[in-house]
Amino acid sequence: GGNIIQLPDYWQDLVDPETITVTLTQIRTSQDLIVDAIEWGRRIKIKSGNASAIDCFYTVNATRKDVPPLEVEPDA
């Protein structure tokens, strides 16, 4: 029902805010969902392009900055 995804406070020190990605999955009706803004790595504003009420699932991913990047396939 809202248009803000509030990220946990600890994310600010844990992840690189430039790497935050968001996946939105609409529920029941077509809503033309849009990530409007990612503010300071602390909250995500979403909106509906067709002005309908927002009803969705979401997944937020980001790269941690406290550990080295995972090397998926090491060079031989």
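The values are calculated or read from the model by the stated rules, or taken from the named source; none is laboratory data. Since the structure is predicted, the reported quantities are computational estimates derived from the model, not experimental observations. Glycine also receives a Cβ, built like all others from the backbone with ideal geometry; neighbour counts cover every protein chain displayed. Side chains are part of the model used for accessible areas, which takes the heavy atoms of the whole protein and leaves out ligands, DNA and RNA. Shrake-Rupley method; radii C 1.70, N 1.55, O 1.52, S 1.80 Å.
Some points to look at:
- Among the protein heavy atoms of the chain, carbon and sulfur supply 50% of the accessible surface, probe 1.4 Å, non-protein parts ignored.
- Relative contact order of the chain, taken over Cα pairs closer than 8 Å and 6 or more residues apart, is 40 percent.
- Per residue, in Å², the accessible surface of the range 29-76 once ligands and nucleic acids are set aside, probe 1.4 Å: 77
- Listed candidates [x] 257; [y] 108; [z] 88 - label of the one calculated as volume of the Cα convex hull per residue in Å³: [y]
- Mean Cβ count within 10 Å, highest first, over the residues of peptides 65-72, 22-29: 22-29, 65-72
- Alpha carbon centroid spacing (whole Å) that separates the range 45-69 from the range 1-19: 9
- In this label model, F57 and I5 are separated by 1.3 nm, measuring between points 7 Å along each Cα→Cβ vector.
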